[in-house]
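Worksheet: the structure to be examined is printed underneath.
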Amino acid sequence: MPSDSVMDSLNLILVVGARPNFMKIAPLIKAIGAHNNQAKNAPPRVRFTLVHTGQHYDGQMSDVFFRELGIPQPDINLGVGSGSHAAQTAGVMEGFEPVCQQVKPDWVVVVGDVNSTMACTLVAAKLGIQVAHVEAGLRSFDRTMPEEINRVVTDAIADLLLTPSADADQNLQREGVPASRIRMVGNIMIDALLHHLEAARSRMTHRHFGLEERRFAYVTLHRPSNVDGRENLAAILHELERLSHKLPVLFPVHPRTRQRILDFGLNPRLSTAFQLIEPIGYLDSLCLTERARLVLTDSGGLQEESTYFRTPCLTLRPNTERPITIEVGSNRLTTPQRLAADLDEVFAQPERLGQRPPLWDGQTAQRVLGHLISG
Ligand code: UD1
């Protein structure tokens, strides 16, 4: 009998689609490698097929993350690309179904809240394949956010809900999910952060842009609610330019945002204190998050990474699905109208704020794998 017999092995499909997925899957792949090395002759050996849906495809949105995070080339790339929500979701579903039928995994593992997460969950659930959702239970309670729909649908039909924090467990319990489906495992993104911290620090990215440590703002904005309306985006850019007179602003621009700036004919007045640059990779982003005086963002991941570094963070959104970053971390919500006043408050506060939440300890991927193995 081959040593990799079906009985002795656990067969996974790991799904990634968009930028915020990559730093959540990389730690799990490392944990699988460590497990297989350790348990050389002891079952179960864990095998995986890595599926990239192709939701993000540009070098700076995808390839750079694979390289920096040490993720192996995907076994399968569905090449779905951009499109409306319906077209993108449908494309992923059509591409993913035959993969599941061929691989016949014990589990499909999905992470986060992007369209690919929900699409692959729907496919697997309908084929009777168990789904594990890493980063389950987060809720913004705002169904105008496409990600909130993805979260609610994914959690309603996934079998194993692996949550980052107690608030996520409570959300699921409130929705009637039985405790037997919920496991609190912690924040898997922090595993990636800790693993790559030294490499990130050594890049000194801020210097590359002529910036001094703790004397710049690191800005990222890409949510439709911020960038898809002309008036709103113009007001935000105006506020950023004003901020740049007090504190230099470095703003790597997501392709969606860049397209809107062009579409709306906005011409932000750029200078050495107000730099709009191409999207950056994982290591540069970590480096800037740690070294910035403040982070201004609408990204979920940056709210968490800034909390880890205790860098003050202003989140340009009316709500967050990551309330722990506000309760114990360095994050607070803001609006374009309140931004100037909130910035003044940040400047009046210490340069480092808040605490690290429980289970942000770099061991989450091991806990995830443990639950997949024990079923
Ligand atoms: C997606 C996720 C969002 C996540 C974000 C991170 C959903 C619903 N949204 O939003 O949760 O925070 O990724 O980046 O899944 N584009 C490129 N190159 C790429 C990818 C996209 O140029 O590699 C452009 C295309 O014009 C595309 C637009 O960006 O239409 C938006 O991409 P899309 O994947 O639809 O959504 P994001 O805004 O990136």
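Going by what's in this entry, would VAL108 be described as buried (at least 24 other Cβ atoms within 10 Å of the Cβ) and in contact with a helix residue (DSSP H, G or I) (Cβ under 7 Å, 6 or more places away or on another chain)?
yes
Which number in (1) in contact with a Ser or Thr (Cβ under 7 Å, 6 or more places away or on another chain); (2) hydrophobic (A, V, I, L, M, F, W, C); (3) assigned to a helix (DSSP H, G or I) marks the one condition that VAL131 misses?
(3)
I'd like to check which helices (runs of 4 or more DSSP H) are fully inside segment 304-375 and have at least 1 residues that are at pLDDT below 95 and out of contact with any Phe, Trp or Tyr (no Cβ under 7 Å at 6 or more places or on another chain).
Those helices (runs of 4 or more DSSP H) span 339-348, 364-374.
What do you reckon, is LEU193 touching a Phe, Trp or Tyr at 6+ places or on another chain (Cβ under 7 Å), at pLDDT 95 or above, within 28 Å of ASP113 (Cα to Cα) and more than 16 Å from the ligand (Cβ to nearest atom)?
Criteria met by LEU193.
Taking the condition of being aliphatic (A, V, I, L, M) and within 16 Å of the ligand (Cβ to nearest atom), how many residues in segment 296-330 meet it?
Restricting attention to segment 296-330, the residues satisfying the condition of being aliphatic (A, V, I, L, M) are 296, 302, 314, 316, 324, 326, 328.
From what's left, within 16 Å of the ligand (Cβ to nearest atom): 296, 302, 316.
Qualifying residue count, segment 296-330: 3.
Just to be sure before I move on: is GLN130 more than 16 Å from the ligand (Cβ to nearest atom), closer than 19 Å to LEU359 by Cα and of a type in the set (S, T, N, Q) in the structure I sent? Can you show your working first?
Working: more than 16 Å from the ligand (Cβ to nearest atom): yes; closer than 19 Å to LEU359 by Cα: no; of a type in the set (S, T, N, Q): yes.
In short, no.
If I filter segment 49-60 for residues that are more than 14 Å from the ligand (Cβ to nearest atom) and more than 19 Å from the chain's Cα centre (by Cα), do I get at least one hit?
Yes, segment 49-60 contains a residue that is more than 14 Å from the ligand (Cβ to nearest atom) and more than 19 Å from the chain's Cα centre (by Cα).
So in segment 257-269, with the set limited to residues that are outside any helix (DSSP H, G or I) and at pLDDT 95 or above, which one is nearest to ALA217 (Cα to Cα)?
Filtering segment 257-269 for residues outside any helix (DSSP H, G or I) gives 264-269.
If we keep only those that are at pLDDT 95 or above as well, we get 264-266.
On the way: PHE264: 25, GLY265: 25, LEU266: 21 Å.
Among those residues, the one meeting the criterion is LEU266.
Name the helices (runs of 4 or more DSSP H) wholly within segment 155-256 that hold at least 3 residues that are within 23 Å of the chain's Cα centre (by Cα)? Write out each step before concluding.
Numbers: elements: 166-174, 188-203, 205-208, 224-227, 230-244.
Qualifying helices (runs of 4 or more DSSP H): 166-174, 188-203, 224-227.
Looking for something assigned to a helix (DSSP H, G or I), surrounded by 17 or more Cβ atoms within 10 Å (Cβ to Cβ) and either away from the ligand (no atom under 12 Å from the Cβ) or modelled with pLDDT of 95 or more (or both) - is there at least one such residue anywhere in segment 67-77? Write out each step before concluding.
Narrowing segment 67-77 to residues assigned to a helix (DSSP H, G or I): 67-69.
Right, trim to surrounded by 17 or more Cβ atoms within 10 Å (Cβ to Cβ) and you get 68-69.
So of that shortlist, the ones also either away from the ligand (no atom under 12 Å from the Cβ) or modelled with pLDDT of 95 or more (or both) come out as 68-69.
Yes: one or more hits.
What residue, of GLY81, GLY91, is outside any helix (DSSP H, G or I), within 12 Å of the ligand (Cβ to nearest atom) and out of contact with any Asp or Glu (no Cβ under 6 Å at 6 or more places or on another chain)? Let's see the steps before the verdict.
Details: GLY91 fails: outside any helix (DSSP H, G or I).
Of the residues listed, the single one that is outside any helix (DSSP H, G or I), within 12 Å of the ligand (Cβ to nearest atom) and out of contact with any Asp or Glu (no Cβ under 6 Å at 6 or more places or on another chain) is GLY81.
In this structure, is PRO323 more than 14 Å from the chain's Cα centre (by Cα) and over 19 Å from GLU241 (Cα atoms)?
yes
Output the residues belonging to segment 49-66 that are on the phi < 0 side of the Ramachandran plot and without any contact (Cβ under 8 Å) to a residue 40 or more places away in the chain.
Of everything in segment 49-66, those that are on the phi < 0 side of the Ramachandran plot and without any contact (Cβ under 8 Å) to a residue 40 or more places away in the chain turn out to be LEU50, HIS52, HIS56, TYR57, GLY59, ASP63.
Quick check: is even one residue across segment 204-220 of a type in the set (Lys, Arg), without any contact (Cβ under 8 Å) to a residue 24 or more places away in the chain and not assigned by TED's automatic domain parsing to the domain that holds PRO164?
Checked segment 204-220: at least one residue is of a type in the set (Lys, Arg), without any contact (Cβ under 8 Å) to a residue 24 or more places away in the chain and not assigned by TED's automatic domain parsing to the domain that holds PRO164.
Looking only at segment 129-171, how many residues end up being charged (D, E, K, R), crowded, with 19+ Cβ neighbours inside 10 Å and in contact (Cβ under 8 Å) with a residue 24 or more places away in the chain? Break it down stepwise before answering.
First, pick out the residues of segment 129-171 that are charged (D, E, K, R): 135, 139, 142-143, 147-148, 151, 155, 159, 167, 169.
Keeping just the survivors that are crowded, with 19+ Cβ neighbours inside 10 Å gives 135, 139, 147, 151, 155, 169.
Filter once more, keeping what is in contact (Cβ under 8 Å) with a residue 24 or more places away in the chain: 135, 139, 147, 151, 169.
Of the residues in segment 129-171, 5 are charged (D, E, K, R), crowded, with 19+ Cβ neighbours inside 10 Å and in contact (Cβ under 8 Å) with a residue 24 or more places away in the chain.
Being crowded, with 18+ Cβ neighbours inside 10 Å and either of a type in the set (A, V, I, L, M) or farther than 20 Å from GLN303 by Cα (or both) narrows it down to one residue among ARG183, ARG242; which is it?
ARG183
The values are calculated or read from the model by the stated rules, or taken from the named source; none is laboratory data. Treat the numbers as computed from the prediction; the structure is a model and nothing was measured. In this analysis, Cβ positions are derived from the backbone assuming ideal geometry, glycine residues included, and neighbour counts consider all displayed protein chains.
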